[in-house]
1. Could you list, in sequence order, all residues of segment 267-315 that are more than 16 Å from the ligand (Cβ to nearest atom), part of a loop (DSSP other than H, G, I, E, B) and within 24 Å of the chain's Cα centre (by Cα)?
2. Could you list, ordered by first residue, the pairs with Cβ atoms under 8 Å in which the first is in segment 53-74 and at negative phi and without any contact (Cβ under 8 Å) to a residue 12 or more places away in the chain and the second is assigned to a loop (DSSP other than H, G, I, E, B) and surrounded by fewer than 19 Cβ atoms within 10 Å (Cβ to Cβ), at least 6 apart or interchain?
3. Kindly check whether there is at least one residue in segment 179-194 that is closer than 30 Å to I101 by Cα and surrounded by fewer than 20 Cβ atoms within 10 Å (Cβ to Cβ).
4. Find all pairs meeting these conditions: Cβ atoms under 6 angstrom apart; at least six residues apart or on different chains; first residue within segment 31-45 and part of a loop (DSSP other than H, G, I, E, B); second residue of a type in the set (V, I, T).
5. Take G61 and tell me if it is farther than 22 Å from Y326 by Cα and of a type outside the set (A, V, I, L, M).
6. When you look at Y44, is it away from the ligand (no atom under 16 Å from the Cβ), of a type in the set (F, W, Y), closer than 20 Å to Y269 by Cβ and under 24 Å from the mean Cα position of the chain (by Cα), yes or no?
7. Of all residues in segment 228-261 being within 16 Å of the ligand (Cβ to nearest atom) and of a type in the set (V, I, T), which is farthest from K302 (Cα to Cα)?
8. Scan K289, K302 and give me the residue that is in contact with a strand residue (DSSP E or B) (Cβ under 6 Å, 6 or more places away or on another chain), assigned by TED's automatic domain parsing to the domain that holds F224 and of a type in the set (D, E, K, R).
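The values are calculated or read from the model by the stated rules, or taken from the named source; none is laboratory data. Values in this document were obtained by computation on a predicted structure and should not be read as measured data. Using ideal geometry, Cβ is built from the backbone for each residue, glycine included, and neighbour counts are taken over all protein chains shown.
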Amino acid sequence: MVRLLFGLLFPLLVFASSVETLKWSKGETYLMFLQRLGLPQSLYYDIDKEDQKLTEEVRTGVPYQVMRDANDTVEQVLIPVSEELQLHLYRNGTDFSLEAIPIIASSKRESVVLSIEHSPYYDILKATGSKQLAQAFVAGFKNSLNFRRDLRKGDRLAMVYEQKYRLGSPFSMPTLQVAMIELRGKRHMVYLNSDERYYDEKGRQVEGFLLARPVRNARISSGFTRRRYHPILKRYRAHLGIDYAAPRGTPIMAAGSGRIIFAGRTRGYGNLIKIRHSDGYVTLYAHQKSFRRGIRKGKYVKQGQIIGYVGTTGLSTGPHLHFGLYKNGRAINPARVVQVTTKKLTGKARKSFLKRKADLDDVLTEALEHPVAASRLETIDNACFIDPQSCRPLAPKENNETL
Ligand SMILES: [Zn+2]
C-alpha cells in the first residue's frame, strides 16, 4: 500500500508542473495554512482526532513541498510533522484527503575535520553552515574544557555525524556521533551512547540536564512512539510524548529548570506550557486544567516547581498530562531520559558503552584519514510570511526553488 503510494508520488514529483519547497513560517497554524492555499477546512475538521493532533506538530522552519498542476492548482502537499511522519494532503477528484505517511529519508555519515582559526563554534559554522552542529560540539565539551584558556590556533578538531536527506535535501538536525578536540596535543572525546546521551571517554555524562517526573504517582497510560502502523485502522500513528493519567487538579511540576517559552491555549494540546532548558532541550506539558498563578511566558522556573494542574483541555479523552521532550526540536522519548539516575555509567551499561566507544573510535580514525565533506545546509529563502490577522501573505514569494 505504501509502496504503491510512493510509486504514484514520485512520477508526480517529476512531471508536476511545479514543486515548490517552502519553509513553514513562524506563527502560521495549520488552519491558516489551509486557508492561505485555498484548501478546504475539512482537511482539518473532517479528519480524525489523532491526525488533528499531528497537525500541531508542524514546526517553524520545516521545509514542506507544494505540488501544483499546469493550471497552478494545488495537487499535493507534503508536510513533515516528526522525524518519521509527514502529512500528505492530496486531491481526490474534486475533494481533498489527508493521511499520515512515513518520511522516506536516507541517512549519510559525514565528518568535519579542521584546524581552529577562530573558535570551534565559528569554524564549524563556517565549514558546515549548521548552527546545530556547532552547538552540539560546544555543548559536548563545555563542562570539562575551557576553550578560551586552553585553545591554541591550529589545534585540531573532528566530528562525525549523521545527516538525514529527504527528497534530496538535508532534512532535520544532524546527529553528532563522536567529537574530538586536541588541546596541546591531548585528545578529548565525546560519544553519543545508545541512550541518546553524550559521554566522555570514561563513561561520564557530559550534559548537565537531568529530568524529573512531571507528576507524582501517576500511571503511564500511553508511551512514546515515533511511528507505528495501526493494523486495524490501517493508518500511521505517532505519539510524541508520554501520557500520565492522573486525577483532575493533580499538580504538574517542571521536569527541569528553564524558561517558559509558551503558556497559553492551543486547539489540540489545550492549555499548554513549553519550557526551554539548557543544551537544546524543551519540555511540553499539555491538556492542563489551568496554570499556576504567575506562570507565564518568559518566567524562569526551577526543577520541581509547580506550573499547572492536570486536566483534559484540547483534544483529550480524559484527565491526563501529555508530556513531551524535544532536543534541538526533535521529539525524543522522555522515559529514556527520566530513567537516568546516575551520571556515570557502571556495570552492564558501561560495558555496552565501551563497545560502542571502540566502534566510534574507529569511525573517527577513518574520518581523520578520509573526511567525508559536510554538505552545507541550504537556506530556503522563499518562506512566505503571513499576517496572522488576515491569513494573507505579507510579501510575494520570490526565487521559488523547484526540486
Ligand atoms: Zn499524549
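1. H277, R296, K297, G298, K299, K302, Q303
2. none
3. Yes, because at least one residue in segment 179-194 is closer than 30 Å to I101 by Cα and surrounded by fewer than 20 Cβ atoms within 10 Å (Cβ to Cβ).
4. Cβ pairs passing all conditions: L37/V74.
5. no
6. Values: away from the ligand (no atom under 16 Å from the Cβ): yes; of a type in the set (F, W, Y): yes; closer than 20 Å to Y269 by Cβ: yes; under 24 Å from the mean Cα position of the chain (by Cα): yes.
Answer is yes for this residue.
7. Filtering first and then ranking leaves I242.
8. Details: K302 fails: in contact with a strand residue (DSSP E or B) (Cβ under 6 Å, 6 or more places away or on another chain).
On inspection, the qualifying residue turns out to be K289.
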